[in-house]
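Novice: Shown below is the structure under consideration.
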Amino acid sequence: MPDQSHFIGGGTTDSVLSPIVLVGMLIGILLMLLLPRRFVIVPFLLCIFLIPLGQQIYLGGVHWLVGRILVLAGLLKISISKVGSKGNFLPGGYNSIDRAFLWCTLAESICVVLQYMQSQALINQFGFLIDYLGAYFLLRALIQDKKDIYTAIKCMALLSVILAFFMVREQQTLHNAFGTLGGVQSVPDVREGKTRSQGVFQHALMAGTFAASLLPLFLLLGKNGKSKLIAFIGIAGCTVMTITSQSSTPLLAYVGGLGAVFLWPVRKKMQLVRRGIVAALLGLAVVMKAPVWFVIAHIDLTGGSSGYHRAELIDVFIKHFSDWWLIGTKDIASWGFDMWDTQNQYVNVGETGGLVAFILFVCMISRCFARIGVTRKAAEGRSSRVWFVWFLGAALLAHLVSFFGVNYFDQSKVNWFLLLAMISAATAPTLVRTVAPRKPAAITEPEPADVSVSRWETSGIPI
């Protein structure tokens, strides 16, 4: 969601567009406009994740980030391709995930404008609406079916191995090659004697969580059987990225995603698993002297973790409920030492957009799991389809673990949007079939054995 830190001057390292980036951006835009719809996502993702976020063009008093320009180019391509087409803009129609995402983003942007009451805030949030709503709905339009999902995953595997190479180079040389382009720092951070590689991202945390959340998707690619080499390359790349980021949050997300995959044998008993987790948290709340979220403070996988800060951030967020519930707050720094550093996605959404945005964000996650659950049950007995959505659910869990230690303030947000688009596309056939009205028995026609996603397009799916 739109990050308030951008408006108050944090978040990105601004840089004038370099000649190399300009050429790369123009080639990417040209390919997006000329390639068939199915392959547009490849140049889009390559440019998004190989160009530092701070690269921009200053035009008309507005900062046009490269990612923002790419989003507009992609939307232009989709709009042109849809002229005269009878198909829906979104596969499966406008669904409950889309609604939650849209209103959550709008709520945050409106609240930021209300907090600052300045024209610059309005201009700023208009730009972030392009970044968030534009990128999200572009990916929703590009990810139509399983083929598109696999194409996107293969592209991410290629990106992972490229970024892993440069992050290993950072470890060896203490120099970030992407810093030469501008938009990110050239010298990586060092904590407790350990170099924290960040690559193209704004921080090592972002690089690590980006990689960790991709592990279940690469395992899905390997399970498919047709792309095992690419899957192996992706797994190796994301593992190296996670390790070289030297941060606890990415490691936890990596383990969380992998652990979710290993829960496959108990997939039919997930209700008991959820209840067991709740019972464990209640038990900890009884025996612990501090609130249960201070368990985070005791997690340190790298020797330099700031787990206590994450726990304290949640603590003050709850205690200062009256400060942020209505329209968020711009005074979170006054809550305590270092509280301005809202490296928690849940806290960031609440303090930016208030209680409404926070609830909508949770609803969006809930709708994702609900759609995955319904699709899994409907596909039971067809192992390939069950595995498909199960891995998507594992990737979703990896993101949720990441959210406790970071908020996606750079291009990592596109990785999150991509997963949401995959979940919508993968679950659309089952969900539309579930809500579709049955025909009278006398005129019922047999359904084909395998139907593409477009067959089940509809105007929308009720929550």
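What follows draws every value from the coordinates through simple rules; no lab data is involved. For clarity, every value in this text was computed on a predicted model and none was experimentally measured. In this analysis, Cβ positions are derived from the backbone assuming ideal geometry, glycine residues included, and neighbour counts consider all displayed protein chains.
Novice: In units of 2.2 N^0.38 Å, what is the alpha-carbon radius of gyration of the stretch 288-377?
Specialist: Values: Rg = 15.4 Å, N = 90, 2.2 N^0.38 = 12.2 Å.
Against the empirical 2.2 N^0.38 Å value, I get 1.27 for the stretch 288-377.
Novice: What is the antiparallel percent of DSSP beta bridges lying wholly in the chain, to the nearest 5?
Specialist: 70
Novice: Still on this structure, I have one more. For the stretch 179-237, what does the equivalent ellipsoid look like in terms of its semi-axes, each the square root of 5 times an eigenvalue of the Cα gyration tensor, given largest first in whole Å?
Specialist: Working: eigenvalues 172, 31, 16 Å².
The three semi-axes for the stretch 179-237 are 29, 12, 9 Å.
Novice: Highest first, please rank the peptides 406-412, 183-189 by the mean number of other Cβ atoms sitting within 10 Å of their residues.
Specialist: Packing order, densest peptide first, comes out as 406-412, 183-189.
Novice: Sort 126-137, 259-270 by packing, meaning the average of other beta carbons within 10 Å per residue, with the highest value first.
Specialist: My ranking of the peptides, most packed first, is 126-137, 259-270.
Novice: Sticking with this one: When 109, 213 are ordered from fewest to most other Cβ atoms inside 10 Å of their Cβ, what list results?
Specialist: With the sparsest Cβ surroundings first, the list reads 109, 213.
Novice: Given all pairs of different Cα atoms, what value in angstroms does the Kirkwood hydrodynamic radius of the chain take? Show your work: numbers first, answer last.
Specialist: Numbers: mean 1/r = 0.0437 Å⁻¹.
Taking the inverse mean of 1/r over all distinct Cα pairs, the chain comes out at 22.9 Å.
Novice: Amide H neighbours of residue 202 under 5 Å, at least 5 residues apart or on other chains, H built in the peptide plane: list them.
Specialist: 411
Novice: Stokes-Einstein at 37 °C, 0.692 mPa s, Kirkwood radius from Cα pairs: D for the stretch 44-186 in µm² s⁻¹?
Specialist: Using the Kirkwood radius from Cα pairs, D works out to 186 µm²/s.
Novice: Could you order the peptides 314-327, 157-170, 343-356 from most to least packed, using the average number of other C-beta atoms within 10 Å per residue?
Specialist: Output ranking for 314-327, 157-170, 343-356: 343-356, 157-170, 314-327.
Novice: Holding the Cα-Cα limit at 23 Å, pick out from 226/269; 154/223; 77/147; 223/377 the pairs that are longer than that.
Specialist: Beyond 23 Å between Cα atoms: 226/269.
Novice: How large is the Rg to Rh ratio of the stretch 203-332 when both quantities use alpha carbon positions and Rh follows Kirkwood?
Specialist: 1.05
Novice: Can you give the relative contact order of the stretch 248-371 as a percent, counting alpha carbon pairs under 8 Å and 6+ residues apart?
Specialist: Normalised by residue count, the contact order of the stretch 248-371 is 17 percent.
Novice: Express the relative contact order of the stretch 171-271 as a whole percentage, based on alpha carbon pairs under 8 Å and six or more residues apart in sequence. Mind dumping the intermediate values first?
Specialist: Details: 136 pairs, mean separation 25.6, N = 101.
For the stretch 171-271, the relative contact order is 25 percent.
Novice: Still on this structure, please answer the following. Under a 5 Å amide H to amide H cut-off, with H placed in plane at 1.01 Å, what residues pair with residue 65 once short-range neighbours are removed?
Specialist: 57
Novice: Hey, another quick one. Over the stretch 349-422, what per residue volume does the convex hull of the Cα atoms give, in whole Å³?
Specialist: Taking the convex hull of the Cα positions in the stretch 349-422, it is 85 Å³ per residue.
Novice: On to the next question. So for 149, 110, fewest C-beta neighbours within 10 Å to most, what's the order?
Specialist: Lowest count first: 110, 149.
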